[in-house]
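Below you'll find the structure, written out as structure tokens, and then a few comments.
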Amino acid sequence: MKKHLYIFLLGSLTLGACKKSFLDENPPSSYTPITVSDSLGLEASLAGLYNNFSTQLTYSNAQGYPSVWQVGTDVANATANQQGIEIPYYNYTLLTQTDGAASYLWGKEYTLINLANTIIASLTNPSLNMTDAGRKAMDGEAKFFRGLAYNTLATCYGGVPIITTPVTGPKTDFVRAPLADVDALVAADLNDAVTNLPDIESVKTNTKGKMYGRANKYMAMQLLAEAYLRMGKNDLAEQQAQAVINSGRFSLIKSRYGIKTSLPGDYYSDMFVYGNERRVQGNTEAIWVLEQENPATVVGGNTDNAQQRRVWGAAYHNISGLVITDSTGGRALARLRLSNWVLYGLYSDKDIRNSQYNIRRKYYYNDPANANYGKQVPYTGDDTLFKICPHTTKWYQFDPNDVFGYAMIKDFMMMRLGETYLLLAEAQLKQGKLQLAADNINELRKRAFGSLYPAQGQVNSTDMTLDFLLDERARELIGEENRRMTLMRTKTLVDRAIRLNSNDPVHPTVGLTKTNLLLPIPLSEIQLNKDAVLEQNEGYH
């Protein structure tokens, strides 16, 4: 066998040797970043930022990854159908420096940073044939993503190594920068993005119309407001959130719209129908929608196989008499369930966000061949925890060509005006502006209670506490926000998870301490960093 392999390789070398180009160096890998020297190359590189970022959301090698950011908090618990990667995030005694989720996130953020650094460095090339306005717009787009990545790292890990130029060779002497230095970079990058990014009405176009999924200045403002809140710069956070609202570019959805208005539903649920989520599809609340397309029809329209529908929905297809349909949201696997606090203590019955179209609590046999067709499916045994557990409908999606539900082709609602009001209210609360905070929360409550408001739903200044605002974030953003990061940012994870969600009968939250307000620095990064000490976060081993 070895003799034949040797002859084959020798033959390949002999055939290749007849060309002088055979001797040209072509290393299979290199640390040297590709030099981007024209506008088309930079446009492709910028598209690569969106592609890379989307892989954080569509990661499927560990199908329970979306659960990591929800279970073991106040809003969700794991189920019998967990995948494993989420276990240390409700049994915190198992969360160590070898954790897979913490390592994956760290790697993805630094990849995004290096890609952004390459673009930013390329824009300083004096021979680049581009207008100053074009350079600034691209610089703003790249800095938005770099600011986004560093804000995530700061929230999850604290002070981290700062890299602002492309990595051009092996480096094994990283050190953690003080959190204040990371925060300064985040603020500088996002302020540059606010200045240089286009208005949402002026983003780049293609042959199909506006590409609102591309970065606009209001995305940077919203992220900057959140970052300033984490930094304790509440007055600056208020300015950014207020600027988004005062821009006049966005308005809360308060009436039915879009492709399913002829079907049962309500104006809040309309926002989360695939085909309604984008600004060009009628969603006036959308600030940033990460657009996804079916790769069967749009090459490169999607990355990997997003698991959100499988994670958030119920595994109803395991019950005889229930078949997978569009009206039941497509195939789901219930890798998490909403906490008892969310299901039984969070919402008012009259809150539209708790309607049957937004939190599904009942199933009806839908197989005409079943004797119970049309009747309500009773809860028995573990059904409430797995098979027909109540759940948010925000991730419903059905493709008749993929009934098994291998892929989820749905846009990601990254930022919308509903959250802007919450960020603004939080900034005002923290400055003691309690009536203004209540006024902004009431903007959401007017929408949530409709004609019943103000008799029902109205709040006042005495209701304004951080706990109340975090409750309201859950009511408005369940299934959308990264709940773990919100509670880490506000330093409330330990209190709220233990107080509101430590008594789950199947997978209770255990071992949670103040250590877990940050994630562990990946041990592999510490070990590879042989020429300097990359310090671990306190409490992790």
Just one listed residue, out of VAL186, VAL167, VAL175, is modelled with pLDDT of 95 or more, aliphatic (A, V, I, L, M) and either over 30 Å from ARG278 (Cβ atoms) or more than 23 Å from the chain's Cα centre (by Cα) (or both), and it is VAL175
### Query
Out of all the residues in the range 16-37, is one or more surrounded by 14 or more Cβ atoms within 10 Å (Cβ to Cβ) and either at pLDDT 95 or above or of a type in the set (S, T, N, Q) (or both)?
no
For this session: For the range 427-439, state whether one or more residues are under 21 Å from ILE287 (Cα atoms) and either not basic (Lys, Arg) or not in a loop (DSSP other than H, G, I, E, B) (or both).
Result: yes
Pairs returned, first residue in the range 235-259 that is on the phi > 0 side of the Ramachandran plot, second residue that is of a type in the set (D, E, K, R), beta-carbon separation under 7 angstrom, 6 or more apart or interchain, are GLY258/ASP270
Of the candidates VAL194, VAL244, the one satisfying the condition of being out of contact with any Leu (no Cβ under 7 Å at 6 or more places or on another chain), of a type outside the set (Ser, Thr, Tyr), closer than 25 Å to CYS156 by Cβ and modelled with pLDDT of 95 or more is VAL244
Over the range 44-57, the set of residues in contact (Cβ under 8 Å) with a residue 60 or more places away in the chain and surrounded by fewer than 21 Cβ atoms within 10 Å (Cβ to Cβ) is SER45, GLY48, TYR50, ASN51, ASN52, SER54, THR55, LEU57
Quick check on the range 489-504. Is at least one of its residues surrounded by 15 or more Cβ atoms within 10 Å (Cβ to Cβ), of a type outside the set (Asp, Glu), more than 29 Å from THR384 (Cβ to Cβ) and in contact (Cβ under 8 Å) with a residue 24 or more places away in the chain? yes
When THR284 is run through (1) buried (at least 19 other Cβ atoms within 10 Å of the Cβ); (2) farther than 26 Å from LYS136 by Cβ, the failure sits at (1)
Taking the range 372-382 and the residues there that are among the polar types (S, T, N, Q) and touching a Phe, Trp or Tyr at 6+ places or on another chain (Cβ under 8 Å), the one that is surrounded by the fewest Cβ atoms within 10 Å (Cβ to Cβ) would be GLN376
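Yes/no matrix, rows are residues, columns are (1) more than 24 Å from the chain's Cα centre (by Cα); (2) modelled with pLDDT of 95 or more; (3) in a helix (DSSP H, G or I):
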| residue | (1), (2), (3) |
| --- | --- |
| GLY381 | yes, no, no |
| ASN401 | yes, no, no |
| MET413 | no, yes, no |
| GLY418 | no, yes, yes |
| TYR421 | no, yes, yes |
GLY300 passes all but one of the listed conditions (1) touching a residue at least 60 places away in the same chain (Cβ under 8 Å); (2) of a type outside the set (S, T, N, Q); (3) touching a helix residue (DSSP H, G or I) at 6+ places or on another chain (Cβ under 7 Å); (4) more than 20 Å from GLY330 (Cβ to Cβ); the exception is number (3)
Meets criteria (in contact with a Leu (Cβ under 7 Å, 6 or more places away or on another chain) and in a loop (DSSP other than H, G, I, E, B)) for ASP349: no
Conditions (1) part of a loop (DSSP other than H, G, I, E, B); (2) at positive phi -> TYR406 fails only (2)
(Q) Suppose the filter is charged (D, E, K, R) and crowded, with 17+ Cβ neighbours inside 10 Å; does ASP467 pass it? (A) no
If you go through LEU290, LEU263, the only one that is in contact with a Gly (Cβ under 7 Å, 6 or more places away or on another chain) and either within 19 Å of MET415 (Cα to Cα) or at pLDDT 95 or above (or both) is LEU290
Checklist entry - Is it the case that the range 337-348 has a residue that's without any contact (Cβ under 8 Å) to a residue 60 or more places away in the chain and of a type in the set (A, V, I, L, M, F, W, C)? => result yes
Taking the range 225-250 and keeping only residues that are surrounded by 20 or more Cβ atoms within 10 Å (Cβ to Cβ) and acidic (Asp, Glu), one is left with GLU226, GLU238
Apart from one, (1) in contact (Cβ under 8 Å) with a residue 40 or more places away in the chain; (2) closer than 17 Å to ASP74 by Cα; (3) of a type in the set (Ser, Thr, Tyr) all hold for TYR540; the odd one out is (2)
Every listed condition ((1) among the basic types (Lys, Arg); (2) farther than 28 Å from VAL323 by Cβ; (3) in a loop (DSSP other than H, G, I, E, B)) holds for LYS446 save (3)
(message) Given the condition more than 30 Å from ARG499 (Cα to Cα), out of contact with any Gly (no Cβ under 7 Å at 6 or more places or on another chain), modelled with pLDDT under 95 and surrounded by fewer than 20 Cβ atoms within 10 Å (Cβ to Cβ), answer yes or no: does some residue in the range 383-399 qualify?
(response) yes
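The values are calculated or read from the model by the stated rules, or taken from the named source; none is laboratory data. Quantities reported herein were computed from a predicted structural model and do not represent experimental measurements. When we count neighbours, we look across all protein chains shown, and the Cβ atoms used for this are built from the backbone with ideal geometry, even at glycine.
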